[in-house]
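One structure is given here, and the rest of the page talks about it.
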Amino acid sequence: AQSVTQLGSHVSVSEGALVLLRCNYSSSVPPYLFWYVQYPNQGLQLLLKYTSAATLVKGINGFEAEFKKSETSFHLTKPSAHMSDAAEYFCAVTHLGAGSYQLTFGKGTKLSVIP
Amino acid sequence: GAGVSQSPRYKVAKRGQDVALRCDPISGHVSLFWYQQALGQGPEFLTYFQNEAQLDKSGLPSDRFFAERPEGSVSTLKIQRTQQEDSAVYLCASSLAGTSKFFGPGTRLTVL
């Protein structure tokens with residue numbers, strides 16, 4: 001079984017401030033982890049993914065995430081928020097092997113950026 | 001096409017009506033997925049196709065839900081006798097085998 005918990009359904013940051021979106025996972029096997037972004041009335045866009053290579057993963061739009069096995073976490077960060085980062089962000093988990101096509105998503109964190 | 005497309009983008013149905021939601025995946029993508037996203041929730045897996053074969057339908061919430069992909073390309077998700085709890089955004093995604101999924105914009109279904 002696998003699950004994802006995203007801490008904080010809403011996060012507000014000032015433009016130029018650090019963005020930190022939290023994700024903790026539960027998986028009985030080594031996980032593959034993903035962050036997706038969803039803009040209003042649009043589908044999900046992949047930001048970055050961890051698939052057991054480097055623990056620090058860099059994605060698009062200046063985002064990065066670090067896989068910490070000891071903390072079962074995969075938090076998303078960006079050093080300086082832009083207005084265009086305002087969106088909803090979803091963390092998701094899957095694993096290698098049977099059933100790996102099935103992503104399990106968290107409930108999402110809505111990011112607001114204050115000018 | 002350039003991306004995954006879904007139609008209609010919005011659908012309003014009266015309770016008890018049947019609806020059909022269409023997904024056009026990226027050309028050449030063998031894998032196709034349907035997810036249901038309720039308001040304020042993350043997407044939840046419904047079903048998975050590899051080419052025309054439906055390999056997993058464990059996420060379909062009831063036998064009122066039916067999905068098909070007869071020629072291994074376009075897929076249709078059909079919901080019979082819609083209920084209010086079926087109101088959600090239905091997301092389609094496609095991928096080459098074992099690679100990252102590309103999601104469509106979704107169909108927002110509202111059942112009155």
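The values are calculated or read from the model by the stated rules, or taken from the named source; none is laboratory data. Note that this is a predicted model, so its numbers are computed, not measured. Cβ coordinates were reconstructed from backbone atoms using ideal geometry, including for glycine residues, and neighbour counts include every protein chain displayed. In case anyone asks, the SASA skips ligands and DNA or RNA and just uses the protein heavy atoms, side chains included. Shrake-Rupley method; radii C 1.70, N 1.55, O 1.52, S 1.80 Å.
Where strands (runs of 3 or more DSSP E) fall wholly inside the range B:33-81, the ranges with 2 or more residues that are over 18 Å from B:ARG22 (Cβ atoms) and either open to solvent by 10 Å² or more (accessible area, probe 1.4 Å) or in contact (Cβ under 8 Å) with a residue 40 or more places away in the chain (or both) are B:44-50, B:53-56. Name the residue that is least open to solvent (accessible area, probe 1.4 Å), counting only residues in the range A:66-114 that are more than 14 Å from chain B (Cβ to nearest Cβ), part of a strand (DSSP E or B) and of a type in the set (Val, Ile, Thr). The residue in question is A:VAL113. When B:VAL12, B:VAL19 are screened for being among the β-branched types (Val, Ile, Thr) and out of contact with any Asp or Glu (no Cβ under 9 Å at 6 or more places or on another chain), only B:VAL12 passes. Of all residues in the range A:55-62, none are under 18 Å from A:CYS23 (Cβ atoms) and open to solvent by less than 10 Å² (accessible area, probe 1.4 Å). Pairs are defined by a Cβ separation below 7 Å, a sequence spacing of at least 6 or placement on different chains, a first member in the range A:96-115 that is of a type in the set (A, V, I, L, M), and a second member that is modelled with pLDDT of 95 or more and open to solvent by 50 Å² or more (accessible area, probe 1.4 Å); the pairs so defined are A:VAL113/A:GLU15; A:VAL113/A:HIS82; A:VAL113/A:MET83; A:ILE114/A:SER12; A:ILE114/A:SER14; A:ILE114/A:GLU15.
In the range A:22-40, what residues are part of a loop (DSSP other than H, G, I, E, B) and of a type outside the set (Ser, Thr, Tyr)?
Of everything in the range A:22-40, those that are part of a loop (DSSP other than H, G, I, E, B) and of a type outside the set (Ser, Thr, Tyr) turn out to be A:VAL29, A:PRO30, A:PRO40.
Against the test of being modelled with pLDDT under 90 and within 15 Å of the chain's Cα centre (by Cα), the options A:THR109, A:THR94, A:THR72, A:THR77 yield a single qualifying residue, A:THR94.
Looking at this structure, is A:LEU20 touching a residue at least 40 places away in the same chain (Cβ under 8 Å), over 29 Å from B:SER94 (Cβ atoms) and of a type outside the set (Asp, Glu)?
Details: touching a residue at least 40 places away in the same chain (Cβ under 8 Å): yes; over 29 Å from B:SER94 (Cβ atoms): yes; of a type outside the set (Asp, Glu): yes.
So A:LEU20 fits the description; yes.
Kindly evaluate B:TYR10 against the criterion of being surrounded by 14 or more Cβ atoms within 10 Å (Cβ to Cβ) and of a type outside the set (A, V, I, L, M, F, W, C). Here the answer is no, as B:TYR10 does not meet what is asked. Scanning the range B:79-112 for residues that are of a type in the set (Lys, Arg) and within 14 Å of another protein chain (Cβ to nearest Cβ), we see that the one that is nearest to the chain's Cα centre (by Cα) is B:ARG108.
Inside the range A:41-65, can you point out the residues that are in a helix (DSSP H, G or I) and within 14 Å of another protein chain (Cβ to nearest Cβ)? Write out each step before concluding.
Pass one, the range A:41-65, residues in a helix (DSSP H, G or I): A:60-62.
Result: A:ILE60, single match.
Of the residues making up the range A:3-36, those that are within 14 Å of chain B (Cβ to nearest Cβ) and open to solvent by less than 40 Å² (accessible area, probe 1.4 Å) are A:VAL4, A:GLN6, A:GLY8, A:LEU21, A:CYS23, A:TYR25, A:LEU33, A:PHE34, A:TRP35, A:TYR36.
Scanning the range B:8-56 for residues that are under 14 Å from B:GLU68 (Cα atoms), within 10 Å of chain A (Cβ to nearest Cβ) and small (Gly, Ala, Ser) yields a total of 1.
Can you pull out every residue in the range B:76-112 that is basic (Lys, Arg) and farther than 15 Å from B:SER62 by Cβ?
Looking only at the range B:76-112, we keep the residues that are basic (Lys, Arg), and these are B:78, B:81, B:101, B:108.
Those that are basic (Lys, Arg) and farther than 15 Å from B:SER62 by Cβ: B:LYS101, B:ARG108.
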